[in-house]
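S.K.: My questions all concern the structure below.
Derivation of every value follows stated rules applied to the coordinates shown; laboratory data play no part. Bear in mind that the values here come from a model prediction, so they are computed numbers and not experimental data. Note that we place each Cβ from the backbone using ideal geometry, even for glycine, and neighbour counts take in every protein chain shown.
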2 protein chains.
Amino acid sequence: MKNFADQLVEKIRIMKNPTVMGLDPVLDYVPDHIIAESTQRYADPSKASSQAILEFNKALIDATSDIIPAVKPQFAYYEMYGVNGIKALVETIDYAKSKGMLVIADAKRNDIGSTAQAYATSILGKTTLSDGQQKEMFGADAVTLNGYLGIDGIEPFISLAKSFGKGMFILVHTSNPSSVQIQELELKDGRLLYEAVAEQVTDWGSTLVGKHGYSSVGAVVGATWPEQAKKLREIMPNTFFLVPGYGAQGGDAQTVKSCFDKNGDGAIVNASRSLMCAYKKNNSVDPKDFMMATREEAIRMREDLNNAIF
Amino acid sequence: MKNFADQLVEKIRIMKNPTVMGLDPVLDYVPDHIIAESTQRYADPSKASSQAILEFNKALIDATSDIIPAVKPQFAYYEMYGVNGIKALVETIDYAKSKGMLVIADAKRNDIGSTAQAYATSILGKTTLSDGQQKEMFGADAVTLNGYLGIDGIEPFISLAKSFGKGMFILVHTSNPSSVQIQELELKDGRLLYEAVAEQVTDWGSTLVGKHGYSSVGAVVGATWPEQAKKLREIMPNTFFLVPGYGAQGGDAQTVKSCFDKNGDGAIVNASRSLMCAYKKNNSVDPKDFMMATREEAIRMREDLNNAIF
C-alpha cells in the first residue's frame with residue numbers, strides 16, 4: 001500500500017516545490033468576466049456563484065498543476081454556497097486529482113466514534129449506499145483534523161489511512177493571533193499545551209511512518225510562529241508539517257524555514273490569497289490574465305522558499 | 001433582537017422537556033420499508049439513500065415536534081452521502097423549523113478569520129450571491145464549535161448571534177473515553193485544561209446573556225462525566241449546556257442531573273440512537289410503527305429527566 005507522506009515527499013522533491021495552493025474561493029476573488037459568464041448561463045444565483053468558483057478553480061489548477069504538487073480546498077468556502085457549493089467542491093477535487101495533484105481537504109473535522117467514522121468515510125473513504133455499493137464522496141487524499149477529543153476522534157482516519165494510503169494533518173499550533181489563548185497554556189510539567197498535543201500527534205502517527213521517515217499523520221503548524229515551529233520540528237522529527245500563514249497572514253520564507261528538516265523535506269507551505277488573487281496585486285494586470293499572474297506568483301513563491309530552505 | 005438562550009429556556013419550560021433529538025441517520029437506522037420505497041423511486045443510489053434519510057427524519061420530527069423542543073442534526077452523517085446528503089440535511093433543517101423546533105447544527109466547526117466567517121455565514125447567516133442577493137444556506141439556530149483556535153475562530157459566530165439571535169455550543173468536556181487525553185491535562189495553576197476552556201467560553205459569552213441568565217454562547221459537556229459536569233455547572237453559572245452521551249453512550253438521568261441549575265434550567269440533553277432506533281429495541285415492534293416507538297421513548301426520556309432534575 002502506498003503511504004501518503006511518501007507520496008507527498010516524492011512529489012515535492014520532483015517539483016522542487018513545497019507549496020500547496022489553498023483554494024478558498026470567495027466570490028470577490030473570482031475575476032469579473034468569469035462571474036459574468038456564469039451569471040449569464042445559470043438563472044439560479046447559488047448555482048451561478050458556485051459554477052463561477054468551479055471555473056476559477058479549474059483555471060487555477062490548469063495554471064499550476066505542473067509546478068505545484070497539491071491543493072487544499074477549504075470546505076467553509078464551498079459550504080457557504082450550499083448544495084451547489086458542495087457540488088463545486090467535489091468537482092474541484094476531482095479535477096485536481098485528474099491533473100495529478102494531491103488534495104488536502106481543509107475541513108478541520110473533530111468528532112467521536114461513529115461520527116468520526118462518518119467524517120472519515122465521507123472525506124477519505126467510501127460510503128455504502130442503499131444498493132449495497134460503495135461510492136467515494138469527496139475522495140480527498142488527506143484531511144485536516146482537530147485533536148481536542150483525543151484518539152477516539154482520530155482513529156477512524158488512521159484506519160482509512162492504512163487501508164487506502166490516505167493522510168491527515170492535526171492542528172498543533174495554528175497561525176492566528178489568538179492561537180495562544182488555549183494552545184500556549186502552560187502545563188504543570190512545564191510544557192505548553194501545543195507541545196503536549198504535538199507529542200500525542202507523534203504517538204498517533206507512529207504506525208504510519210513511511211520510507212522517507214515521515215508519518216501520514218502530520219501536523220498543522222502556523223507560519224507565523226517561527227520559534228514554536230523550530231521547537232516542534234525538534235520534538236516531532238517524523239511528523240510532516242502543513243504550514244498555513246505564508247503571505248497574506250504575515251509568514252514569509254524566513255519564518256517557515258524552521259519547519260523543514262536539514263534535507264529540505266518535512267513541510268508544505270500553504271498560500272491561498274496570494275496565489276488566487278495574484279492578478280489583483282498589480283493594477284496593470286488584465287483580470288483575464290489571472291492564470292499567468294498566479295503561475296508567476298507560484299514560481300516566485302517556489303524560488304523564495306527554495307532560497308530560504310537550501 | 002431575540003436571544004437564542006432565552007428561546008431555548010422558554011421552549012424547554014413550556015414543553016417541560018430538556019431533550020434535543022440528535023438526527024444522526026446512518027442507513028442502518030432507517031426502517032426497511034422507507035429504504036425500499038426510496039430505492040424504487042430513485043435510480044441513483046446516492047439520491048435514494050439521502051431521500052430515505054430525509055423521509056425518516058421528517059417522520060421522526062412529525063412524531064415528536066410537539067413534545068421535543070429541538071433537533072441536532074450531525075453534519076457528518078449527511079456529508080457521508082455527498083451532495084445529495086447535504087440536500088437532505090438542508091431539507092431536514094427546513095422541515096424541523098417549519099414544525100417549530102429549534103435546530104442545533106452539530107458541525108463542530110473551527111477555523112480562523114475569513115474562514116470562520118465563511119462557516120458562520122454558511123450555518124447561521126446569509127451568503128451574498130453573484131446577483132448581490134443574500135440567501136440563507138443551512139439556516140440553523142445554533143451550531144457546535146471547537147475553541148482550540150481561540151477567540152479568532154469564535155468571534156464571527158458571536159457577531160452573527162448578536163445580529164440574528166443565533167447561538168453556539170463550544171466543546172468543553174466531551175462524552176467520549178479519550179476526551180481526557182487532552183481535555184484533562186493539568187495546567188501549571190492547578191486547573192485542568194477543560195476548566196481553562198470553560199473560563200474562556202464564559203468570557204466569550206459574557207455579552208450574550210439573556211433575560212433568563214443564560215448566554216447564547218453555550219458549552220458541550222458530556223453526560224458521561226458527572227463530576228466534571230458538577231464542577232463546570234459551578235464555574236460557569238451563565239452557560240447553557242448541551243449534553244451528549246445519554247443512552248447509548250452510557251449517560252443516564254442521574255449522571256446528567258448536575259448539568260442543571262437548582263431551578264431545573266440550564267441544560268439540554270441529547271439522545272440520538274435511543275430515539276431514532278427506539279423501534280429496534282423491542283423485537284415485537286413492527287418497524288412500520290417506528291414513529292410511535294420514538295414518541296414513546298421521547299416521553300419515557302422526558303419523565304426520566306424530570307424525575308431526576310426536580
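S.K.: Using the count of nearby Cβ atoms within 10 Å as a rough guide to exposure, how do B:Lys166, A:Lys2, B:Lys231, B:Lys108 rank from fewest to most?
M.R.: Ascending number of Cβ neighbours within 10 Å: A:Lys2, B:Lys231, B:Lys166, B:Lys108.
S.K.: With +1 assigned to the C-beta of every Lys and Arg and -1 to the C-beta of every Asp and Glu, and no other charges, what is the dipole magnitude of the protein assembly as shown about the Cα centre in debye, to the nearest 20?
M.R.: Its charge dipole is roughly 180 debye.
S.K.: Among the helices of chain B (complete DSSP H runs), which have Cα atoms covering no less than 20 Å along the helix axis and a Kyte-Doolittle mean of at least -1.0?
M.R.: What comes out of the filter, once short or polar helices are dropped, is B:45-64, B:82-98, B:290-309.
S.K.: Now a separate question. Distances from A:Asn307 to the same residue in each other copy, label points 7 Å out along Cα→Cβ, in nm, shortest first?
M.R.: 7.5
S.K.: If you build a Gaussian network model of chain B, linking Cα atoms that sit under 10 Å apart, which residue out of B:Thr174, B:Thr255, B:Thr207 swings the most?
M.R.: Greatest mean-square fluctuation among the candidates belongs to B:Thr207.
S.K.: Next question. Where both residues lie in chain B, what percent of DSSP beta bridges are antiparallel, nearest 5?
M.R.: Just about 15 percent of them are antiparallel.
S.K.: Let me ask you something else. Determine the equivalent ellipsoid of the stretch A:132-200 by diagonalising the alpha-carbon gyration tensor, then write out the semi-axes as square roots of 5 times the eigenvalues, largest first, rounded to whole Å.
M.R.: They are 30, 13, 9 Å, listed from largest to smallest.
S.K.: Taking every DSSP beta bridge with both residues inside the stretch B:144-238, roughly what % is antiparallel (nearest 5)?
M.R.: Of the beta bridges lying entirely in the stretch B:144-238, close to 20 percent run antiparallel.
S.K.: Among the listed pairs A:Lys166/B:Lys135; B:Lys87/B:Lys135; A:Lys72/B:Lys108; A:Lys99/B:Lys135, which have their C-alpha atoms separated by more than 26 angstrom in this model?
M.R.: As for pairs spanning more than 26 Å Cα to Cα, those are A:Lys166/B:Lys135; A:Lys99/B:Lys135.
S.K.: Treating the point 7 Å from Cα along Cα-beta-carbon as the label, what are the nm separations from A:Ser159 to the other copies, to one decimal?
M.R.: Reported distances to equivalent positions: 4.0 nm.
S.K.: Neighbour counts of other C-beta atoms within 10 Å: give me A:Thr202, A:Thr224, A:Thr128, B:Thr121 arranged from fewest to most.
M.R.: A:Thr128, A:Thr202, A:Thr224, B:Thr121
S.K.: In the stretch A:1-140, how does Rg compare with the Kirkwood Rh, expressed as the Rg/Rh ratio over alpha carbon atoms?
M.R.: 1.00
S.K.: From the label point of B:Val285, set 7 Å along Cα to the beta carbon, how far off in nm is each other copy's matching point, shortest first?
M.R.: 6.0
S.K.: How far apart, in nm, are two points set 7 Å out from the Cα along the Cα-to-Cβ line at B:Lys230 and at A:Arg300?
M.R.: Between B:Lys230 and A:Arg300, the label points sit 6.2 nm apart.
S.K.: Just to be sure I understand: with springs between alpha-carbon atoms less than 10 Å apart, which residue in A:Val143, A:Val90, A:Val221 has the highest mean-square fluctuation in the Gaussian network model of chain A?
M.R.: A:Val90
S.K.: Would you mind ranking A:Ile182, B:Ile235, A:Ile53 by Cβ crowding within 10 Å, fewest neighbours first?
M.R.: Neighbour counts put them in this order, fewest first: B:Ile235, A:Ile182, A:Ile53.
S.K.: Let me ask something else. Assuming a ≥ b ≥ c are the square roots of the Cα gyration tensor eigenvalues, decide whether the stretch A:4-304 counts as rounded (a/c under 1.5), prolate (otherwise, with a/b larger than b/c) or oblate.
M.R.: Oblate, since a/c reaches 1.5 and b/c is not below a/b.
S.K.: If you don't mind, another one. Would you please classify the overall shape of the stretch A:35-98 from the alpha carbon gyration tensor, given that a ≥ b ≥ c denote the square roots of the eigenvalues, rounded means a/c under 1.5, and beyond that prolate means a/b larger than b/c while oblate covers the rest?
M.R.: oblate
S.K.: Moving to a separate point now. What order do you get for B:240-250, A:286-296, B:57-67 when each peptide is scored by the mean count of other beta carbon atoms within 10 Å, highest first?
M.R.: Taking the mean over residues of other Cβ atoms within 10 Å, the ranking is B:240-250, B:57-67, A:286-296.
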